[in-house]
Every structure is written in structure tokens, then in C-alpha cells.
1. When the residues of region 137-187 are narrowed to those that are of a type in the set (Gly, Ala, Ser) and in contact with a Leu (Cβ under 9 Å, 6 or more places away or on another chain), which ends up farthest from PRO116 (Cα to Cα)?
2. Tell me yes or no: at least one residue of region 86-93 is assigned to a helix (DSSP H, G or I) and either modelled with pLDDT of 95 or more or among the small types (Gly, Ala, Ser) (or both).
3. Looking only at region 100-130, how many residues end up being closer than 19 Å to VAL177 by Cβ, of a type in the set (D, E, K, R) and assigned to a helix (DSSP H, G or I)?
4. In this structure, does PRO7 turn out to be modelled with pLDDT of 85 or more, under 26 Å from LEU189 (Cβ atoms) and loosely packed, with under 11 Cβ neighbours inside 10 Å?
5. So is ARG102 at pLDDT 90 or above, farther than 21 Å from ALA161 by Cβ and crowded, with 17+ Cβ neighbours inside 10 Å or not?
6. Among ILE9, ILE51, ILE18, ILE33, which is the only one that is in contact with a helix residue (DSSP H, G or I) (Cβ under 9 Å, 6 or more places away or on another chain) and more than 22 Å from ASP130 (Cα to Cα)?
Amino acid sequence: MKMLLRPAISLFVLLSLITGVLYPLLVTGVARIAFPAAAGGSLIIKDGKPIGSALIGQNFSDPKYFWGRPSATAPQPYNAAASSGSNQGPLNPALADAVKSRVEALHAADPGNQRPIPIDLLTASASGLDPHISPAAADYQAERVARARHLEMKAVRQLLAENTEGRDLGVFGEPRVHVLRLNLALDALPQ
């Protein structure tokens, strides 16, 4: 029995060191060299401080900012530790209630806007953390933001155009607007 136990324990310790320590260190080192921004969390830095990640949305509720997709995370919106979808189907009354309250919030923030609301302003993404909205969702909010900041629509539309990302490699995905970067560009405008 001792003859079998000693090699088993030795092999367990050796494989634990290789797979639990050496391999993760190697992968982390290669990632930090090959993809330093992504390996560091894709952080967005302003004035030397990290203010967010390019991969995780943030909760904006002030009318002078563009709002992102609703977050399905709880108890706080855009909580990466609680990333998950709501798992509410189209017949679920909770989803209908959530969409109704989101419609009411958007109409309360911009009562004169009677255009159809883009779906990505009413429903959460699969992760509940999406940092992007569609160009249509950004355009829907443009008048409210321009009015709240006392800006001309031309300036806001210019920022929208500058902050609209195209399809990946020209074919994958849809055009999108990164909400945090757009809001930072708005804050950078002279007031």
C-alpha cells in the first residue's frame, strides 16, 4: 500500500504545481506581453485613474448622458460578479413589467420624443453587462442629451458619428456605440 501511496501523492503534488501554478503564470505572462490592455481588464483611464472597462457597461441615469442597455445584474446594475441574463421569456409577466417601466422612464426623461424606442434600450443583453448600444438607440437619445447640455444637435450627431464602431473585420456583428466613451467625449466638449 505504501508503495502505491507515495507515487500517487508525489504525482498529485507535481501535477498540482504544474496545472495550478506554473501553467497559469505562463498563460498570464504571455497574455500580458501579447495583449497588455485586454490582460489588464481593458481599462479606460482618465486623468491617470481607471474609470471603467471597455468590456463592462456603466449605469448612467442623468439626462445629460447617453444611457446604455438595461442591466440584468442584481443587486447593482452592471455588477460583473453577478453577470447573467434575466432568463425571462417573452411571455413572462416580469419581463413585460420591466419593459413597461423602462418605456415609462425613457418617456419621462424626454416627454416630447414619440419615436419608437429601439429594443436595446428596453431589454438587457445576455450577460447584463453590455457596454454598447445600437446607433439607433444613441440617435433616439440625442435630442435629450443635446437639450440637457445646451448643445446643438449637429455637435451631438458629430460625436455619435465619431464614436460609432463598425462591424468587426468589416463583416462580423453590427455597428455599435460604446456608451462610456461617448459620454467621456461629451464631457470633453467645451461648455
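1. Per the stated criteria, the residue is ALA185.
2. No: region 86-93 contains no residue that is assigned to a helix (DSSP H, G or I) and either modelled with pLDDT of 95 or more or among the small types (Gly, Ala, Ser) (or both).
3. Start the filter on region 100-130 by keeping residues that are closer than 19 Å to VAL177 by Cβ, which leaves 102, 106, 109-110, 113, 115-130.
Applying the additional criterion that residues be of a type in the set (D, E, K, R) yields 102, 110, 115, 120, 130.
With the extra rule that they be assigned to a helix (DSSP H, G or I), the set shrinks to 102, 120.
The qualifying residues number 2.
4. Working: modelled with pLDDT of 85 or more: yes; under 26 Å from LEU189 (Cβ atoms): no; loosely packed, with under 11 Cβ neighbours inside 10 Å: yes.
No, not satisfied.
5. Values: at pLDDT 90 or above: yes; farther than 21 Å from ALA161 by Cβ: yes; crowded, with 17+ Cβ neighbours inside 10 Å: yes.
Taking the combined requirement at face value, the residue satisfies it.
6. Details: ILE9 fails: in contact with a helix residue (DSSP H, G or I) (Cβ under 9 Å, 6 or more places away or on another chain); ILE51 fails: more than 22 Å from ASP130 (Cα to Cα); ILE18 fails: in contact with a helix residue (DSSP H, G or I) (Cβ under 9 Å, 6 or more places away or on another chain).
On inspection, the qualifying residue turns out to be ILE33.
The values are calculated or read from the model by the stated rules, or taken from the named source; none is laboratory data. Predicted, not measured: the structure shown is a model, and the values here were computed from it. Ideal geometry is used to build each Cβ from the backbone, glycine not excepted, and the neighbour counts take in all protein chains shown.
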